Amino acid sequence: MKNKFLFVLLLLISISVVSFCSTFFYVKYNKVEVVETDMLIMTSCNPVYLAACNVVGDIDGITVENLSQPTTGCLHDYTLTTEDMKNLAAADVLIVNGGGMEGYLEDVIAAYPDLTIIDTFEAVEDTYPIIAEAEDEEEHEEEHVHGEEGEEHHHQGEFNSHIWMSEEIYAGQVIAIADGLADIDEAHATEFKANANSFNDIMKSHIDKSGLDEVLAGENVAILHEAFAYTAQSLGANVVATMDLDEERQVSAGEVSSFIDSINKNNVKVVFAEYDYGHAMGKLIEEQTDAKVVYLETLVHGTYDKDDYITVLSKNYALIQNSL
Amino acid sequence: MFNEMFSYAFMVRATIAILLISPLFGMVGTMIVQKRMAYFSDALGHSALTGIAAGVIMGIGNTTVSMIIFGICFALLLNYISRKGLSSSDTLISVFASCATALGLAILSRGGSFANYSAILVGDILSITYTEIIELIILFGIILLFWCFSINRLTAISIHATLAKSRSISVRIMEDAFAVLIALLVMLSIKWVGILLINALLILPAASSRNISDNFREYTYFSIIFSIFSGIVGLFVSYFTDMATGPMIVIIASVIYFATYIYGKDR
């Protein structure tokens with residue numbers, strides 16, 4: 001009888017010691033130096049992080065950090081880690097893409113009611129051409145835009161929130177971030193706005209479309225990821241078929257056949273896809289149709305280089321150009 | 001180290017939540033293991049998806065309510081059909097669980113929107129709020145009361161249902177009440193623990209305790225101790241290593257299970 005209690009005691013002590021020691025060494029060898037900062041800006045995803053970095057520029061005492069990002073999958077289903085929660089507790093402001101992209105946002109608002117949140121989607125939705133979220137194949141063919149013709153306000157989530165993929169809307173997000181930060185830190189308001197305008201000018205001059213917007217203007221395209229609806233919009237192309245693929249999406253046979261029919265019927269020459277989740281379907285589409293599938297990046301993951309946005313978008317356009 | 005950990009409000013809330021949920025899992029788990037209901041609680045966990053889907057269809061803003069209602073109906077229906085004895089209970093539970101999961105997935109994944117609900121698969125105890133902690137305190141009180149008044153009857157039924165009947169214990173009512181209790185516990189904690197892991201937290205501490213216990217009192221106490229210990233150590237490790245809390249708790253509970261299994265086998 002006594003042995004049993006001794007065994008339990010020893011077992012629990014051993015597990016505690018092993019857990020404590022392994023955690024101690026893990027922390028020791030993975031410790032990130034904490035930078036002293038006057039203002040900590042947290043961002044929810046890579047595109048917003050890049051925009052915030054460019055708006056802040058070289059201003060001393062302001063640090064921009066991104067929430068730790070999933071290495072696979074999309075942002076919708078990301079859950080916050082302990083590191084994120086620690087960073088948010090210390091943050092002065094959280095900048096989000098918005099539009100339902102950050103599923104955890106409600107939890108953050110509940111946990112940190114005093115944290116200032118800059119929602120870039122909210123800031124641009126009435127002034128820029130936001131694309132309606134596709135419900136099914138029939139509706140894809142009639143995708144309409146919001147904002148251009150002063151439509152009435154709709155609830156978030158009904159719109160495609162991958163707005164950063166359009167450089168026009170992204171420029172609006174950059175301005176929204178500068179305005180939001182200027183309200184919080186009035187001392188640097190002029191610098192934020194100047195940096196935002198300067199970055200938008202650089203974007204305009206450096207993103208190389210190589211005449212694609214003329215080649216694809218009015219042409220029909222199909223997409224295997226909702227984010228590329230904005231790529232198509234930037235190039236003036238019509239999206240005639242959408243199949244949004246991610247790790248949790250199981251497509252039905254009817255959906256695939258209807259997608260292929262749309263491609264054939266509308267004489268689609270190019271399909272925009274994301275490699276990880278669209279590769280298998282892309283091969284099938286190339287087998288069944290005359291369309292070329294081109295694999296583009298969605299900017300959800302990146303190297304955190306300030307010029308990433310310009311580099312990746314230019315690369316995407318070059319890939320489309322090469323496929324034609 | 002600990003000062004830093006508890007300087008964050010979210011960690012204080014998560015610790016309180018673990019201290020509330022884990023003893024309940026340890027306690028209720030003993031009876032689930034004793035009555036061989038592991039598959040039943042697993043099925044209930046999976047049916048949470050259908051509960052959410054029902055809430056979405058009916059336009060219920062708070063899907064916890066629809067999950068609880070669906071969970072209770074699901075548990076009572078399972079008990080009712082199992083009593084009819086038309087098929088073996090594991091087959092019935094499997095059929096019901098698969099059907100409920102498929103229905104939930106089909107509805108929630110319509111238009112590719114399952115991603116909005118996928119967080120419930122792994123749970124997120126770090127984002128628990130004080131209002132939700134109050135819900136857990138109420139649940140804690142309900143289960144504790146039920147346990148104090150019904151543990152002897154439930155034990156009698158788990159040993160021999162006919163014998164329990166002969167002692168004027170209403171087997172049907174007790175079984176239904178216990179099923180409702182499991183449904184409440186599973187549905188109210190699933191958001192924090194996750195569908196994939198909730199059954200592990202219910203079963204592992206009780207199963208570990210069973211490996212080394214000689215009587216029901218030891219069985220219950222050890223189970224509660226193992227459950228609280230796994231919860232606290234799992235939370236501590238996950239905080240410093242930046243890994244998900246639920247899986248870390250299950251890993252610790254699994255280590256305890258294997259250790260007690262080896263010890264119990266050699267006794």
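The values are calculated or read from the model by the stated rules, or taken from the named source; none is laboratory data. This is a predicted model, so every value here is computed, not measured. Virtual Cβ from ideal backbone geometry, glycine too; neighbours counted across all protein chains shown.
Would you mind stating whether B:LYS35 is over 22 Å from the mean Cα position of the chain (by Cα), away from chain A (no Cβ under 14 Å) and not polar (S, T, N, Q)? So B:LYS35 fails the test. Going by the structure shown, is B:ILE32 part of a helix (DSSP H, G or I) and in contact with a helix residue (DSSP H, G or I) (Cβ under 7 Å, 6 or more places away or on another chain)? Here the answer is yes, as B:ILE32 does meet what is asked.
Of all residue pairs spaced 6 or more apart or on separate chains, those with beta-carbon atoms under 7 Å, a first member in the range A:284-306 that is without any contact (Cβ under 8 Å) to a residue 12 or more places away in the chain and a second member that is of a type in the set (Val, Ile, Thr) and crowded, with 18+ Cβ neighbours inside 10 Å are A:GLU286/A:VAL293. Report, by residue number, each residue of the range B:222-247 that is of a type in the set (A, V, I, L, M) and either more than 9 Å from every other protein chain (Cβ to nearest Cβ) or in a helix (DSSP H, G or I) (or both). If the condition is that a residue be of a type in the set (A, V, I, L, M) and either more than 9 Å from every other protein chain (Cβ to nearest Cβ) or in a helix (DSSP H, G or I) (or both), then B:ILE224, B:ILE225, B:ILE228, B:ILE232, B:VAL233, B:LEU235, B:VAL237 are the ones that fit.
What about B:ILE256, is it out of contact with any strand residue (DSSP E or B) (no Cβ under 9 Å at 6 or more places or on another chain), closer than 23 Å to A:PHE24 by Cα, buried (at least 23 other Cβ atoms within 10 Å of the Cβ) and more than 9 Å from chain A (Cβ to nearest Cβ)?
For B:ILE256, the condition - out of contact with any strand residue (DSSP E or B) (no Cβ under 9 Å at 6 or more places or on another chain), closer than 23 Å to A:PHE24 by Cα, buried (at least 23 other Cβ atoms within 10 Å of the Cβ) and more than 9 Å from chain A (Cβ to nearest Cβ) - is not met.
Residues satisfying the criterion are absent from the range B:195-205 (criterion: more than 18 Å from B:THR155 (Cα to Cα), surrounded by fewer than 20 Cβ atoms within 10 Å (Cβ to Cβ), within 12 Å of chain A (Cβ to nearest Cβ) and not aromatic (Phe, Trp, Tyr)).
Looking at B:SER189, B:SER208, B:SER150, B:SER158, which one is within 14 Å of chain A (Cβ to nearest Cβ) and either in a helix (DSSP H, G or I) or touching a residue at least 60 places away in the same chain (Cβ under 8 Å) (or both)? After ruling out the rest, the residue left standing is B:SER208.
In the list A:LEU245, A:LEU224, A:LEU216, which residue meets the criterion of being at pLDDT below 85, crowded, with 22+ Cβ neighbours inside 10 Å and within 14 Å of another protein chain (Cβ to nearest Cβ)?
Just a single option satisfies the conditions, and that option is A:LEU245.
Yes/no per residue for (1) farther than 16 Å from B:LEU181 by Cβ; (2) away from every other protein chain (no Cβ under 14 Å); (3) under 14 Å from the mean Cα position of the chain (by Cα); (4) not in a helix (DSSP H, G or I):
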position: B:ALA14; (1), (2), (3), (4): yes, no, no, no
position: B:ILE18; (1), (2), (3), (4): yes, no, yes, no
position: B:ILE21; (1), (2), (3), (4): no, yes, yes, no
position: B:PHE25; (1), (2), (3), (4): no, yes, yes, no
position: B:ALA43; (1), (2), (3), (4): no, yes, yes, no
position: B:LEU49; (1), (2), (3), (4): yes, no, no, no
position: B:THR64; (1), (2), (3), (4): yes, no, no, no
position: B:TYR80; (1), (2), (3), (4): yes, yes, no, no
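Screening B:TYR219 on (1) over 28 Å from B:MET5 (Cα atoms); (2) in a loop (DSSP other than H, G, I, E, B) shows it passes everything except condition (2). Residues that are within 14 Å of chain B (Cβ to nearest Cβ), modelled with pLDDT under 70 and within 30 Å of B:ALA244 (Cα to Cα): does the range A:118-139 have at least one? No; the residues of the range A:118-139 include none that is within 14 Å of chain B (Cβ to nearest Cβ), modelled with pLDDT under 70 and within 30 Å of B:ALA244 (Cα to Cα).
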